[in-house]
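Notes for the one structure printed next.
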Amino acid sequence: MLAAVAAAVALHQWPYASMDEAAKAALTEAAACSAGVRECGVAIYEWLEPGSSRRWYFYSAIETSNKPFGVEITALGLPPPTHMRLVADAHIHVCLPQNRPYAPFFSVGDVLVNQAMHTVGYMADLCSMNIHRYDPAQDDADDEEIDFSSGRKLYLTIGHVVGWLGLRRISK
Ligand SMILES: [Zn+2]
C-alpha cells in the first residue's frame with residue numbers, strides 16, 4: 001500500500017491586519033526571490049478569529065518556477081490551512097527588455113485564475129515597483145488597449161495601483 005502524504009501549505013508565520021498589507025509584505029519577499037529574473041508568488045489567506053469578527057491575513061511560503069514569465073503557485077491548488085479561506089494571490093512581474101511594456105498589466109492567464117477562483121490578484125511590477133490589485137468582482141479585465149508593433153491588439157488591465165514596494169528598482 002502506498003503511503004499517502006497530504007501536501008500542506010507552508011505558511012509565513014506573521015499575521016497582517018489587512019489583505020493589502022499581507023500582499024505588500026509577500027511581494028517584498030517575492031521581489032527578493034525574483035532577483036529581477038524569475039517570477040515568484042504566494043497565496044494569501046484570511047483567518048477569522050474565533051469568537052470575534054476580527055480578520056487576519058497570512059501568506060504561503062514564496063514559490064518560484066524559475067522562469068522569467070509565469071509562476072505556478074502550488075498553494076493555490078491545495079486545501080487552505082485549517083480555519084482559513086483563500087482570498088488572494090500575489091506575484092512578481094520581472095522587468096526585462098522583452099516584457100517592459102507589458103509588465104504593469106495583469107496577463108490574460110493572471111485574470112483567468114482570479115476569475116475562476118473568485119480571488120483578488122496582486123502583482124508587483126519591478127519596472128515601476130508599483131503594487132497592482134485586480135479584483136474580478138470590481139474591476140474590468142480588459143479596460144486598456146495594448147498595441148503590439150505587429151498591429152495585433154490585446155485588451156488587458158493594470159487593475160489599481162495600491163502601493164509601492166519601496167525598494168530600489170530590480171531590473172536587468
Ligand atoms: Zn502575471
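Per this entry, Ile170 is counted among residues that are surrounded by fewer than 21 Cβ atoms within 10 Å (Cβ to Cβ), in a loop (DSSP other than H, G, I, E, B) and modelled with pLDDT under 95.
Scanning the stretch 14-42 for residues that are more than 24 Å from Pro68 (Cα to Cα) and in contact (Cβ under 8 Å) with a residue 40 or more places away in the chain yields Trp14, Pro15, Tyr16, Ala17, Met19, Asp20.
Here Val162 meets each of (1) over 16 Å from Met19 (Cα atoms); (2) away from the ligand (no atom under 15 Å from the Cβ); (3) in contact (Cβ under 8 Å) with a residue 40 or more places away in the chain; (4) assigned to a strand (DSSP E or B) with one exception, condition (1).
Here the strands (runs of 3 or more DSSP E) wholly within the stretch 38-139 that include at least 1 residues being within 13 Å of the ligand (Cβ to nearest atom) are 40-48, 84-93, 120-125, 130-134. The residues listed here are Ala116, Ala88; of these, the one that is small (Gly, Ala, Ser) and either touching a His at 6+ places or on another chain (Cβ under 6 Å) or under 25 Å from Glu29 (Cα atoms) (or both) is Ala88. If only residues of the stretch 135-158 that are exposed (fewer than 10 other Cβ atoms within 10 Å of the Cβ) and touching a strand residue (DSSP E or B) at 6+ places or on another chain (Cβ under 8 Å) are counted, the one that is modelled with the highest pLDDT is Glu145. Take the conditions touching a Pro at 6+ places or on another chain (Cβ under 8 Å) and surrounded by fewer than 22 Cβ atoms within 10 Å (Cβ to Cβ) and apply them to Ser128. Does it pass? It is true that Ser128 is touching a Pro at 6+ places or on another chain (Cβ under 8 Å) and surrounded by fewer than 22 Cβ atoms within 10 Å (Cβ to Cβ). Any idea which residue in the stretch 140-159 is farthest from Val94 (Cα to Cα), counting only those that are within 12 Å of the ligand (Cβ to nearest atom) and out of contact with any helix residue (DSSP H, G or I) (no Cβ under 8 Å at 6 or more places or on another chain)? The qualifying residue farthest from Val94 (Cα to Cα) is Gly159. The C-beta contact set for the stretch 117-138 (first residue among the acidic types (Asp, Glu), second residue more than 10 Å from the ligand (Cβ to nearest atom) and assigned to a strand (DSSP E or B), distance under 8 angstrom, 6+ apart or interchain) comprises Asp135/Val120.
The values are calculated or read from the model by the stated rules, or taken from the named source; none is laboratory data. Because the structure is predicted, anything quoted here is derived from the model rather than measured. We place every Cβ from the backbone using ideal geometry, glycine too, and count neighbours over all the protein chains shown.
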